[in-house]
Amino acid sequence: MKLTILGSGTSVPHPKRAAPAHWLETSAGVVQLDFGADAAHRMAQEGLDWPNLDAIWISHFHLDHIGGLITFLFGTKWAPQTQNRSKRLRIFGPQGLRNIIEAISDSSNYHLLAQSFEVEIVEVQPASEFEILPGISATTLDTPHRPESLALRLKDEDSKLFVYTSDTGFSENLIPFAKSADLLLMECSFRRNKPVQKHLELADAMQIAREAKPKKLVLTHLYPEWDNVDLVSEAHQLWSGETIEATDGLRLEI
Ligand SMILES: [Zn+2]
Ligand SMILES: [Zn+2]
């Protein structure tokens, strides 16, 4: 698998960090993990084959994670590049996903689900297992962030493990869920003294890393307080494993 970070930031407008969005290429197609408000244009900026995107994962309904999905569907409805597309697009996410897409679509008769190709919305439960792409199995875990928020673990045909926490507070359950991941993409919103419990600060993230022991750790969802801080060296004081600071445009092999 190959991961491209489209957005390593949050909902706070930032000159170098777009809202959360991650492009994951697998042997069975591409799945976009979360759809920040800037994601559609970020895909084009990175030269990615957005008209042929196979699947989308929405972790929860905060607008920095779903805001761009609406504009992407509006884009594919009218863009020349997608008028001849016939391949189905599947959008996976928590219970309530269909309602939020349809409510926005209906608010001004956008008909976002009436495309030249089939759009299938698949709502999944916490602790469920499903196939997100052919041969790529997915497992979910509910996280202490929003009532619907879910972490995602993917396993490909070569048994490579990829785990994406998305936004979450600290939970012991994340440790077995992320155990031995080849790549753990974990939020690390704050440096210390986090103002809310529904996100991680560095010490929380590194406690999970110490116990889950991923082969590679990528810290993302970075609020502007991380600007001008050496995140990697601070992380290394708490765990000696390979830690990478997410940046927009970063590409990683899994
Ligand atoms: Zn967020
Ligand atoms: Zn959130």
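The values are calculated or read from the model by the stated rules, or taken from the named source; none is laboratory data. All values reported here derive from a predicted model rather than from experimental measurement. Positions of Cβ are backbone-derived with ideal geometry, glycine not excepted, and every protein chain shown enters the neighbour counts. Protein only, heavy atoms only, side chains kept; ligands, DNA and RNA dropped before computing areas. Shrake-Rupley method; radii C 1.70, N 1.55, O 1.52, S 1.80 Å.
In this simple spin-label approximation, LYS179 and SER27 carry label points 7 Å from Cα along the Cα→Cβ vector, and these lie 2.5 nm apart. Net charge in the neighbourhood of GLY68 (other residues with Cβ under 13 Å of its Cβ; Lys, Arg +1, Asp, Glu -1) is -2.
With kT/(6 pi eta Rh) evaluated at 20 °C and eta = 1.002 mPa s, and Rh the Kirkwood radius from Cα pairs, the range 1-148 diffuses with a coefficient of 137 µm²/s according to Stokes-Einstein.
Of the residues HIS65, HIS111, HIS199, the one that moves most in a GNM of the chain with alpha-carbon contacts below 10 Å is HIS111.
Here's how it looks for LEU6: its modeled amide H is under 5 Å from those of ALA21, HIS22, TRP23, GLY249, which are all 5 or more places away or on a different chain.
Think of each Lys and Arg Cβ as +1 and each Asp and Glu Cβ as -1; about the Cα centre, that makes the dipole of the chain roughly 100 debye. Between LYS213 and LEU63, full extension at 0.36 nm per residue minus the direct alpha carbon distance yields a gain of 50.9 nm. Each helix, a run of at least 4 DSSP H residues, gives -39500 (n - 2.57); summed and divided by the residues of the chain, these come to -6500 deg cm²/dmol at 222 nm. Note on the chain: Cα Rg divided by 2.2 N^0.38 Å, N the number of residues, gives 0.96. Charging the Cβ of each Asp and Glu at -1 and of each Lys and Arg at +1, and nothing else, the dipole of the range 1-117 about its Cα centre rounds to 160 debye.
Both radii were evaluated on the Cα set of the range 140-189; the Rg over Rh quotient, with Rh as the Kirkwood radius, amounts to 0.97. Within the listed set PHE170, PHE162, PHE117, the residue fluctuating most in the Gaussian network model of the chain (springs between alpha-carbon atoms under 10 angstrom) is PHE117. For the range 154-162, backbone phi angles converted through the Karplus equation (6.51, -1.76, 1.60; θ = phi - 60°) give residue-by-residue couplings of 10, 10, 8, 5, 8, 6, 6, 10, 10 Hz, Gly and Pro being listed as x. Inter-part distance, the range 95-143 to the range 221-245, computed on C-alpha centroids, equals 33 Å. Other residues within the sphere of radius under 10 Å centred on the Cβ of GLY7, judged by their own Cβ, net out at -2 (K and R +1, D and E -1). Cross-link reach is defined here as a Cα-Cα straight distance under 30 Å, omitting same-chain residues fewer than 8 places apart; for LYS213 the lysines meeting it are LYS2, LYS16, LYS155, LYS160, LYS179, LYS194, LYS198. Over the range 43-113, accessible surface divided per residue gives 46 Å², non-protein components excluded, 1.4 Å probe.
Annotation: extensible slack from SER86 through VAL12 equals 23.0 nm (criterion: 0.36 nm per residue apart, minus Cα-Cα distance). In the range 18-103, with Lys and Arg counted as +1 and Asp and Glu as -1 at Cβ, which of these residues, GLY47, GLN83, ILE66, has the Cα nearest the positive end of the dipole, that is, farthest along it? Selected residue: GLN83. Loop-located GluC sites (Glu not before Pro) in the range 168-210 (DSSP state not H, G, I, E or B) with no more than 12 neighbouring Cβ atoms inside 10 Å: GLU172. Note on the range 78-215: the alpha carbon radius of gyration divided by the globular reference 2.2 N^0.38 Å gives 1.24.
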